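Taken together, the values in this text are just the output of simple stated rules run on the coordinates, not laboratory data. Keep in mind that this is a model prediction, so the values were computed, not measured. Note that we place each Cβ from the backbone using ideal geometry, even for glycine, and neighbour counts take in every protein chain shown.
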Amino acid sequence: MEFEWNAKGLEYMEKRTFTVGVLTVSDKGAAGLREDVSGKVVEEILTEAGYRIERYCIVADEKGEIEEELLRMSDVMSLNLVITTGGTGFSPRDITPEATKSVIERETPGISEAIRINSLSVTPKGMLSRGVSGIHGNTLIINLPGSPKAVRESLEYILSPLEHGLEILLGQASECAR
C-alpha cells in the first residue's frame, strides 16, 4: 500500500494498488511465431502507474480459450482489472469482443467509446475497432486493439479516470472524489 496527501494536505490517506491481468489474443503469439509487443506495452504503462501485474498470458483467437482466461482472472484470481489486447478488428478470427460480452455482466460503454474517440483523433481507422468493456463481479475488463501504438494511445488516454472507476467498483472511492 502507498500513501499520499489528501485534498487538504493535512493527513495521509491510503492509496490502493490495483491487481491486473494482461491477456493478449493472437494466434501467432500463442504459437510462438510473433513476439507480444502489445501486452508488454500494457505491462509497462500499468506498472509505471503503480498497478500490480498478477498474470500475463497469450491465447489463440479461440472464443473458449479467451472466455476461460477471463473467468480465471476474474473469478479465480479476483483481479481488479483485466486488459486484453488483440482480436478486436474485422478479421473472421477477431472474436475478443464476443468472448468478452459472453463473460461480462454489465457493459461499460463509456470506456470503449472514449478509446474509439481518442483513436479517431489519430486516424480514421479508429472507427474499425470493435473493442468492448464491462464488469464481471468485481473485475473490470477492457478490450484494447492489437497494435502497440494503439495500445499505448488508448491506455494512456483512459488511465486517469480508470483509477477512479476501479475505486468506485471496489467500494474504495472517497465521498469527495465522486
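A few notes on this one:
- Simple Cβ-charge dipole of segment 18-170, Lys/Arg +1 and Asp/Glu -1, about Cα centre, in debye nearest 20: 360
- Value of Rg to Rh for the chain, rounded to two decimals, is 0.98; Kirkwood radius and Rg both from alpha-carbon coordinates.
- For the chain, averaging the sequence separation of C-alpha pairs within contact (under 8 Å, six or more residues apart) and dividing by the residue count gives a relative contact order of 21 percent.
- Per-residue ellipticity at 222 nm computed for the chain from its helices equals -12000 deg cm²/dmol, with DSSP H segments shorter than 4 residues left out and the rest contributing -39,500 (n - 2.57).
- Virtual spin-label span in nm between Leu33 and Arg52, 7 Å along Cα→Cβ: 3.8
- Per principal axis, descending, Cα span of segment 103-178 in whole Å: 38, 28, 18
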